[in-house]
Amino acid sequence: MQWELKHTNPIDKLGSGSNPLNKLTNVSAKDSLKLQNVEGNSMSLSPGELMLEKAASLPSLMAQPNFHSDDSLDSKTLQNQGSPGNNPVLDLPKILVVDDHAASRMTAVALLAMEGYEVIEADSGAMAVDLVKEKQPDLILLDVMMPGMDGFEVCQILKQNEHTRLIPVIFITALNDRRSRIRGIEVGADDFLTKPFDRLELIARVKSLVRQKHLNEDLDHAEQVLFSVAMAIESRDPNTGDHCERLQKLGQAFGEYLNLTRNQIKDLMWGGYLHDIGKVGIPDAVLLKKGKLTAEEWEIMRQHVVIGEKICQPLRSMRGVIPIIRHHHERWDGSGYPDGLKGEEIPYLAQVFQIIDIYDALTSERPYKRSFTSEEALTVMLEETDLGWRNPQLMQQFAEFIKTQTK
């Protein structure tokens, strides 16, 4: 039997720190997308935007490691005796009960088994961490006070790892143990129960948190589909290198320089992966055309920002990224697309993203051009700013930021 890790977040590098489980991560290789040469087209793109149109990105996705289970570790429920040809265990939510006291553990196991859950047992913190890797339970019932690795340490390890952070943890605490509750909140506990268990309270809390976990996983899976689509679009061109990774790092660094919030920086980084996802709806005859585009073809190409917005719109988690996707080709003087927004009408993050995207395109080598130096790229971008295409204040901040990076 093989259990697959269900939740992977391709962009969760924002807060990733060092922890013992990070070694499970397997970063996939990067590919990229081939776009057409739009030099000399009738729509009069700037040199910077010409580079931007040719630049493409590829999201790095986290591989999903598989873990093999040892059936002897499971406490099987009566539902395991299903009809021939069926294996109900595969559909049962898995609950990991962690307690060094056998009597307390068996009480929880019995109550959960009566409700039809598949129950896994651990009598120590170290064993619990190993079983979480192996079994990927839907919820953990975790005793606080255990010898060796206590419940706080177990919870902290699991909540710091992107592969296990969505698993709800219910701490088992002594009655009115205020200190343990506060410490549990600090390390990421989702709920608390006191001994002895009240059967109805236990089942209600477990059922609610398992349902919430499944909703969170659905959201993660939907996001992952978007990144997979972006990869499929952009994997056709081996020439753009690590454009996406560079945008991610540059967006994070410039966002921190501008004192943006954590969520704004995350949106910039996600924008690096998804800003051109709408090109999935552009015909190859236009998308991969060599040479300049006709006016009609260029109108088709400009629709990629609208298509990208529609693709990402159903996900609430994409609300901060959608303005970047739709508006990263607007110009400060109103001559951009798709809406001809002018000045501060252009969403701020779209302005920020456009600048870092053009800068990366200019400073990267392509088959059709050499890589510009930082000074050359800034010169081009400042000239475009003088023409009215960029936010002058933001462009000046970016120039100062680049100087601090190249010292």
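When we screen D339, D333 for residues that are touching a residue at least 40 places away in the same chain (Cβ under 8 Å) and either under 28 Å from the mean Cα position of the chain (by Cα) or surrounded by fewer than 24 Cβ atoms within 10 Å (Cβ to Cβ) (or both), the only hit is D333.
Of the set (1) at pLDDT 95 or above; (2) part of a loop (DSSP other than H, G, I, E, B), all apply to I355 but (2).
Listed by first and then second residue, the pairs linking a residue in the stretch 297-309 that is assigned by TED's automatic domain parsing to the domain that holds D267 and in contact (Cβ under 8 Å) with a residue 12 or more places away in the chain to a residue that is buried (at least 17 other Cβ atoms within 10 Å of the Cβ) and of a type in the set (S, T, Y), with Cβ atoms under 8 Å apart and 6 or more places separating them unless they lie on different chains, are R302/Y337; V305/Y337. Within the stretch 240-294, the set of residues being in contact with a Gly (Cβ under 9 Å, 6 or more places away or on another chain), farther than 16 Å from D357 by Cβ and not in a helix (DSSP H, G or I) comprises T261, G291, K292.
Of the residues that sit in the stretch 88-129 and are under 14 Å from L202 (Cβ atoms) and among the β-branched types (V, I, T), which one is modelled with the lowest pLDDT? Filtering the stretch 88-129 for residues that are under 14 Å from L202 (Cβ atoms) and among the β-branched types (V, I, T), the one modelled with the lowest pLDDT comes out as T107. Filtered by the rule that a residue be without any contact (Cβ under 8 Å) to a residue 60 or more places away in the chain, over 30 Å from the mean Cα position of the chain (by Cα) and surrounded by 20 or more Cβ atoms within 10 Å (Cβ to Cβ), the stretch 379-407 gives a lone residue, T385. When the residues of the stretch 119-143 are filtered to those that are assigned to a helix (DSSP H, G or I) and over 28 Å from the mean Cα position of the chain (by Cα), the one that is farthest from V109 (Cα to Cα) is A126. You will find that of Y359, Y273, Y348, the residue that is without any contact (Cβ under 8 Å) to a residue 40 or more places away in the chain and under 28 Å from the mean Cα position of the chain (by Cα) is Y348 and no other.
Under the condition of being polar (S, T, N, Q) and outside any loop (DSSP other than H, G, I, E, B), which residue from the stretch 314-352 is farthest from F398 (Cα to Cα)? This residue is S317. Considering only the stretch 175-187, I want to know if a residue exists there that is in contact (Cβ under 8 Å) with a residue 12 or more places away in the chain, closer than 21 Å to S208 by Cβ and hydroxyl-bearing (S, T, Y). No; the residues of the stretch 175-187 include none that is in contact (Cβ under 8 Å) with a residue 12 or more places away in the chain, closer than 21 Å to S208 by Cβ and hydroxyl-bearing (S, T, Y). The number of residues in the stretch 152-192 being crowded, with 19+ Cβ neighbours inside 10 Å and in a strand (DSSP E or B) comes to 5. Name every residue in the stretch 278-311 that is touching a Phe, Trp or Tyr at 6+ places or on another chain (Cβ under 9 Å) and either within 24 Å of P323 (Cα to Cα) or among the small types (G, A, S) (or both), in order of residue number. R302, V305, listed by residue number.
The values are calculated or read from the model by the stated rules, or taken from the named source; none is laboratory data. All figures in this text were calculated on a predicted structure; none of them were measured in a lab. Heads up, the Cβs are rebuilt from the backbone with ideal geometry, glycines too, and the neighbour counts pull from every protein chain shown.
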